[in-house]
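Presented below is the structure to which this report refers.
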Amino acid sequence: MPESGIETPTADSLRSWLIDCVATHLERPADTIDTSLPLSEYGLDSLYVLAVAAELEDHLDISLDPTVMWDTPTIDALSEALVQELARSA
Amino acid sequence: MTTASPHTTAPDKELTRLLHELSAPGLAFSDQVLAALDEQEAFPADAIRELDAFGLPRYYVPAEHGGALDDFGTIVRLLRAVSRVDLTVAAAHGKTYLGAVSTWIAGEPGQAARLARHIREGAVVSCALTERHHGSDLLAGEVTAQPVAEGNGGWRLTGEKWLINNVTRADQVTVLARTDPAGGPRGFSLFLVDKSRLAPGALNHLPKVPTYGIRGADISGIVFRDAVLPADALIGEPGQGVEIILKALHVTRTGCVGMSLGAGDRALELAARFMTQASSQGRRPAELPCVRREMGEAVAALLLAESLGMVAARSVHALTGEMSVVSAVAKAHVPAQVDGLIARLLQLLGPYGLLDADPHRRFAKLERDHRIIGIFDGSSFVNRNALIEQFPRLARSYRKGRWDEEGLAEATDPRAPLRPFRPQELRLISGTGASVVASLPAAVAQVHDLAGSSASHRLVDLAERLRGATDRLHEAMAAVRFSPRAVPGHAFELAERFELCFAAASALHLWLRGPAVTDEARLRGCLVKALTDLDEPVDEADREDLDALADALLSAPPGTVPSLLDSWEGTTR
């Protein structure tokens, strides 16, 4: 069971979790994060986003290849990819 | 530097014997010949030929591709044996493994088989990552490869790679090149460039760069001008270059440890030789308590580094998914520890380290040569940064007591059979944190259980203090917060402490799994050294353990240095 208490994360719930997570790292308000922009646009460099992947793994209690952050570089694309990944590992 | 036992026909023992024979006056590995080459900044070609004749290249090729490499520890021990004699030779020869490893990790079977054959036949392979204006920043690279439209595909490579070991001598070069003009982590690809297949004029070598140490090495550059590469030069898929090379570095950084350990062996041996010679007043410096204490601390430093090195090399097989942490710890800590050891011994030797008592200036050369180890294959700064990025995961795993028990048992028991290395299990960040450290509290509890029987109360006390320091460290690591590209300075200090805890935990695990004969005094020396470097209070009684290590060194047969490996000799399971 995921530690977050979310029973089955949806693309929407993942998106809002990611927005909060990214906003915390960037120390800026969540409503200034555009989910269609690559995270690198916000200065989250290629190694830093791998740490975000580790947080995602802990949040969802699944094992991810951290390079998912490179292959799906926007919050929108990442949320969709994670939903598929969760469906596969369910 | 242990004596050969009838149980082992280990290749590093064979190589050590050969190097000893070849160090007779006038031969390729003699001090005089190597010192003269260093002075002339000339490449040690004869020494390299001897290593080829010994068959060292076959250990750069994994067994599945027809080579002799089935235990990464073998490479570490072989490089250590060569580095004990000369770091320039070790860096020049060992580079072929760095050049090849990306193909072992991600190449097509046919591509790997071809490279394996070339290496066994003596080909030199280099690896060209850095560029003149970008240093360690691989994503800033400007060398580009564009698909060739005509013919059977292929790539057109253009640009300059600079400060590359062996790039002029190399027959083949692994090159990281930008394949997407926009760059980014998926914007680069790796190519294995066979120089003999390029059109005339497609490449130019840049002159050798004079260097502070390893003066004879071929540190140079290469310029590609519309060099057309065949389609099969690509390693892995387009866009995978950065991922592959970062994983390759997890392996090669671990290999670098062997070079530092060899340099450390040499430093101790040279210092011990001097300290046990009578001075003009008829007194041996080794009789002075302050000298003995310093020598003891140096031995402890090397044993601590060796513990980490042994566990790291086995982790390539046993804790593959944790190598992003293990390799960063090993590459940041071991060269720094050995640099420190050399500096302290140099102080102790005073002018004799640099002058007349050392006619071939061996110690001064060693000091210069070793400086590079902390820089190449990712500097200590780069490696510590990689650790800091993983602090949240490391702190969490430690707090929750999560580790990979099976992998840990295999990594910390040199007698356990080693599973084959599976490159596909390498991960850019560790999924489990650091099993060696997360299991430290459990290991300390085990030492408690042994109290009064096979563990002395002094050891229990030292282990307990290590655990306390490690607990506090992980609380501090968990509190580190930073925004991208703004890593706070104190986090680097915490990373250094994490390395010390990792090294000390390695020593403790090795002892717990060791044969009953394993010397507790050596473990205590390691723990005293680690606690000292962690700025934990260490009293006189603790430091007396260091004197015992000094005695072990100073009474050792000429040319030998105490090693943890001594305890494991002939104990196969």
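The values are calculated or read from the model by the stated rules, or taken from the named source; none is laboratory data. What you see is a predicted model, and the numbers here were worked out from it, not measured in a lab. Ideal geometry is used to build each Cβ from the backbone, glycine not excepted, and the neighbour counts take in all protein chains shown.
With a requirement of 2 or more residues that are among the basic types (Lys, Arg), the strands (runs of 3 or more DSSP E) lying completely within region B:83-166 that satisfy it span B:155-165. Of note, residue B:55 does not satisfy the criterion of being in contact (Cβ under 8 Å) with a residue 24 or more places away in the chain and out of contact with any helix residue (DSSP H, G or I) (no Cβ under 6 Å at 6 or more places or on another chain).
Residues considered: B:408, B:387, B:418, B:426. Of these, the only one that is within 25 Å of residue B:496 (Cα to Cα) and more than 19 Å from the chain's Cα centre (by Cα) is B:408. Scanning region B:261-286 for residues that are touching a helix residue (DSSP H, G or I) at 6+ places or on another chain (Cβ under 9 Å) and not hydrophobic (A, V, I, L, M, F, W, C) yields B:262, B:264, B:265, B:266, B:269, B:276, B:277, B:279, B:284, B:285. Here is the figure for region A:36-64: residues that are of a type in the set (D, E, K, R) and either touching a Phe, Trp or Tyr at 6+ places or on another chain (Cβ under 6 Å) or within 16 Å of residue B:139 (Cα to Cα) (or both) total 2. A residue that is of a type outside the set (A, V, I, L, M, F, W, C), modelled with pLDDT under 95 and either more than 18 Å from residue B:265 (Cβ to Cβ) or not in a helix (DSSP H, G or I) (or both) occurs somewhere in region B:39-55. Wholly within chain A, which helices (runs of 4 or more DSSP H) include no fewer than the required count, namely at least 2 residues that are on the phi < 0 side of the Ramachandran plot and more than 11 Å from chain B (Cβ to nearest Cβ)? The helices (runs of 4 or more DSSP H) meeting that bar are A:11-26, A:48-60, A:75-89.
So that you can scan it fast, the table gives a plain yes or no per residue for (1) within 13 Å of chain A (Cβ to nearest Cβ); (2) under 21 Å from residue B:333 (Cα atoms):
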site	(1), (2)
B:224	no, no
B:236	yes, no
B:244	yes, no
B:251	no, yes
B:256	no, yes
B:260	no, yes
B:264	no, yes
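When region B:281-295 is filtered for residues that are more than 13 Å from residue B:561 (Cβ to Cβ) and either surrounded by 24 or more Cβ atoms within 10 Å (Cβ to Cβ) or in contact with a Ser or Thr (Cβ under 6 Å, 6 or more places away or on another chain) (or both), the ones remaining, listed by number, are B:284, B:286.
The residues on offer are B:362, B:344, B:371, and the sole one that is within 26 Å of residue B:212 (Cβ to Cβ), at pLDDT below 90 and touching a helix residue (DSSP H, G or I) at 6+ places or on another chain (Cβ under 8 Å) is B:362. For region B:502-533, residues that are basic (Lys, Arg) and over 23 Å from the mean Cα position of the chain (by Cα) total 2. On the stretch given as region B:56-76, residues that are touching a Lys or Arg at 6+ places or on another chain (Cβ under 8 Å) and of a type in the set (Val, Ile, Thr) total 1. For region B:389-401, the set of residues classified as at the interface with chain A (Cβ under 9 Å from one of its Cβ atoms) and assigned to a helix (DSSP H, G or I) consists of B:389, B:391, B:392, B:393, B:396, listed by residue number. Residues in region B:164-172: is at least one within 14 Å of chain A (Cβ to nearest Cβ), buried (at least 24 other Cβ atoms within 10 Å of the Cβ), under 29 Å from residue B:385 (Cα atoms) and of a type outside the set (Val, Ile, Thr)? Taking every residue of region B:164-172 in turn, none turns out to be within 14 Å of chain A (Cβ to nearest Cβ), buried (at least 24 other Cβ atoms within 10 Å of the Cβ), under 29 Å from residue B:385 (Cα atoms) and of a type outside the set (Val, Ile, Thr).
Looking at B:294, B:322, just one residue is out of contact with any Phe, Trp or Tyr (no Cβ under 7 Å at 6 or more places or on another chain), closer than 18 Å to residue B:271 by Cα and either acidic (Asp, Glu) or outside any helix (DSSP H, G or I) (or both), and that residue is B:294. A Cβ distance below 8 Å, combined with a sequence gap of six or more or placement on separate chains, defines the contacts here; from region B:210-221, residues that are closer than 13 Å to residue B:166 by Cβ reach residues that are in a loop (DSSP other than H, G, I, E, B) and among the hydroxyl-bearing types (Ser, Thr, Tyr) in the pairs B:217/B:211; B:218/B:168; B:219/B:211; B:220/B:168.
Taking the conditions (1) within 12 Å of residue A:78 (Cβ to Cβ); (2) within 10 Å of the chain's Cα centre (by Cα); (3) small (Gly, Ala, Ser) in turn, residue A:16 satisfies each one other than (1). For region B:122-129, the criterion of being surrounded by fewer than 18 Cβ atoms within 10 Å (Cβ to Cβ), over 21 Å from residue B:77 (Cα atoms) and more than 23 Å from the chain's Cα centre (by Cα) is satisfied by no residue at all.
Screening the candidates B:463, B:442, B:469 for the property of being surrounded by fewer than 21 Cβ atoms within 10 Å (Cβ to Cβ), under 22 Å from residue B:519 (Cα atoms) and among the hydrophobic types (A, V, I, L, M, F, W, C) yields one hit, B:442. In this structure, does residue B:514 turn out to be assigned to a loop (DSSP other than H, G, I, E, B) and either of a type outside the set (Gly, Ala, Ser) or in the same structural domain as residue B:336 (by TED's automatic domain parsing) (or both)? In short, yes.
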